[in-house]
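First the structure, in the form of structure tokens, and then the observations on it.
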Amino acid sequence: MNRNEIIKYLKGADTKELFAEADRVRKAFVGDSVYLRGIIEFSNYCCQDCLYCGLRRENSKITRYRMTLDEIVASAKKAVELNIPTVVLQSGEDNFYSVGDLCSVVKEIKKFNLAVTMSIGERSYDDYCKLKEAGADRYLLRFETSDEELYAKLRPGKKFSQRLQCLKWLKELKYQAGSGIMVGLPGQSMESIADDILLFKDLDLDMIGIGPFLPHPNTPLAQNKSIELDLVLKVIALTRIVTENTHIPATTAVGTLDSQGRQKALKCGANVIMPNITPTKYRKYYEIYPDKICVDEDATKCRGCVEGMILASGRKVGVGFGHSLK
Ligand code: SAM
Ligand code: SF4
Ligand code: FES
């Protein structure tokens, strides 16, 4: 599919054929399994100031927390009990944890025979290298938008080229590399979303996370509106068609935008779900955006809930790690 065709679909109202085609491509290239990745949101401290994010350093209204290294490992152990083969360690950019601390956590978790995905933002090549040596398998780093000007506006002091450099390092170090975008950012055009989709393909990513931008009241973007679910679903569908065998989650943000959002995403290209396994007492503080789902539940509840969702969608829970298909 070329850029003009992608733009036509993004702007068009006819979704039925597009979603059906994405579902066919999903079935042909990644099958019916839906893989589980248990997310542990271990710190909400962040030294960055992204205009869209509730964890930004300038948000003084948020209660900050950090999990201890033992608590992170204990949460990963819970994943084993719940038969969730991958954990995702996510946080703000929090330099409180040295790379040595994080490596020791990864090493402990690897003893449980889990796949480990890191999602801790931009770090040095050396840090990425050490984490890989400690056993981390995958890394998620969304490029957020490929519109360089918009990127620079939304992430003060940061450059799109640095983000791409990090992604290139991660690939060079043989991580299974994931990236992604938010859909509905203020100032984002359909043309730039088409470029994002083509960049996914160019980067030859293993995983691609696509979620709506959800305005947070304590950020400079508070006055913006949330977008329509259909646009997010169209981006997921087009990404599936263009990239074929990547892992694409039905994100928590899409489930927050619409109570049936994740189920709908599974029907137009998604093949991954990320149940939250963060200890319940911390969940409400990891408020990237408002009204986030699963804040009052615990790991067991979320695990059961996603399994029900997968089976009700006529799919099956993935067995094994669900590593990259590339
Ligand atoms: N700090 C790391 C980073 O930025 O890569 C990882 C954690 S960050 C909270 C994870 C993702 O949350 C970001 O990549 C961004 O796409 C998403 N995010 C942040 N603010 C959001 C918002 N208001 N609505 C939807 N998604 C948001
Ligand atoms: Fe920090 Fe990531 Fe939020 Fe930006 S998106 S403020 S880097 S947690
Ligand atoms: Fe957490 Fe549904 S996934 S309650």
Cβ pairs under 8 Å, 6+ apart, first in the range 135-153 and in a loop (DSSP other than H, G, I, E, B), second open to solvent by 30 Å² or more (accessible area, probe 1.4 Å) and of a type in the set (Gly, Ala, Ser): ASP147/GLY187; ASP147/SER189
- prompt: Among PHE143, PHE112, which is under 24 Å from ILE40 (Cα atoms), of a type in the set (Phe, Trp, Tyr), within 16 Å of ligand 2 (Cβ to nearest atom) and touching a helix residue (DSSP H, G or I) at 6+ places or on another chain (Cβ under 8 Å)?
  reply: PHE143
- prompt: Where in the range 231-306 are there helices (runs of 4 or more DSSP H), lying wholly inside it, with at least 3 residues that are more than 28 Å from VAL73 (Cβ to Cβ) and either open to solvent by less than 40 Å² (accessible area, probe 1.4 Å) or at pLDDT below 95 (or both)?
  reply: 261-266
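Condition check ((1) among the hydrophobic types (A, V, I, L, M, F, W, C); (2) in contact with a helix residue (DSSP H, G or I) (Cβ under 7 Å, 6 or more places away or on another chain); (3) open to solvent by less than 10 Å² (accessible area, probe 1.4 Å)) across all residues:
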position: ALA20; (1), (2), (3): yes, no, no
position: GLU58; (1), (2), (3): no, no, no
position: ARG64; (1), (2), (3): no, no, no
position: ALA74; (1), (2), (3): yes, no, no
position: VAL87; (1), (2), (3): yes, yes, yes
position: GLU93; (1), (2), (3): no, no, no
position: SER104; (1), (2), (3): no, yes, no
statement: Result of the Cβ filter at 8 Å on the range 297-322, keeping first residues that are over 15 Å from GLN263 (Cα atoms) and hydrophobic (A, V, I, L, M, F, W, C) and partners that are modelled with pLDDT of 95 or more and open to solvent by 50 Å² or more (accessible area, probe 1.4 Å), at least 6 apart or interchain, is ALA299/LYS78
task: Out of LYS201, LYS153, report the one residue that is over 22 Å from MET1 (Cβ atoms) and open to solvent by 20 Å² or more (accessible area, probe 1.4 Å).
output: LYS153
- request: Report yes if ALA74 is under 29 Å from LYS301 (Cα atoms), of a type outside the set (Phe, Trp, Tyr), more than 16 Å from ligand 2 (Cβ to nearest atom) and under 21 Å from the mean Cα position of the chain (by Cα), otherwise no.
  value: no
query: Which of the residues spanning the range 158-200 are assigned to a loop (DSSP other than H, G, I, E, B), over 17 Å from GLY211 (Cβ atoms) and not charged (D, E, K, R)?
result: LEU173, TYR175, GLY187, SER189
statement: All conditions in (1) away from ligand 2 (no atom under 16 Å from the Cβ); (2) open to solvent by 60 Å² or more (accessible area, probe 1.4 Å) are true of GLY318 except (2)
- request: Being hydrophobic (A, V, I, L, M, F, W, C) and either in contact with a Lys or Arg (Cβ under 8 Å, 6 or more places away or on another chain) or away from ligand 3 (no atom under 16 Å from the Cβ) (or both) is the filter; apply it to the range 307-326 and report the residue that is farthest from PRO275 (Cα to Cα).
  value: LEU325
message: Suppose we filter the range 126-138 for residues that are open to solvent by 10 Å² or more (accessible area, probe 1.4 Å) and either within 16 Å of ligand 1 (Cβ to nearest atom) or under 16 Å from ASN95 (Cβ atoms) (or both); how many remain?
response: 3
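The values are calculated or read from the model by the stated rules, or taken from the named source; none is laboratory data. Predicted, not measured: the structure shown is a model, and the values here were computed from it. Reconstructed Cβ throughout: ideal geometry from the backbone, glycine too, with neighbour counts over all protein chains shown. Calculation scope for accessible area: heavy atoms of the full protein, side chains included, ligands and nucleic acids excluded. Shrake-Rupley method; radii C 1.70, N 1.55, O 1.52, S 1.80 Å.
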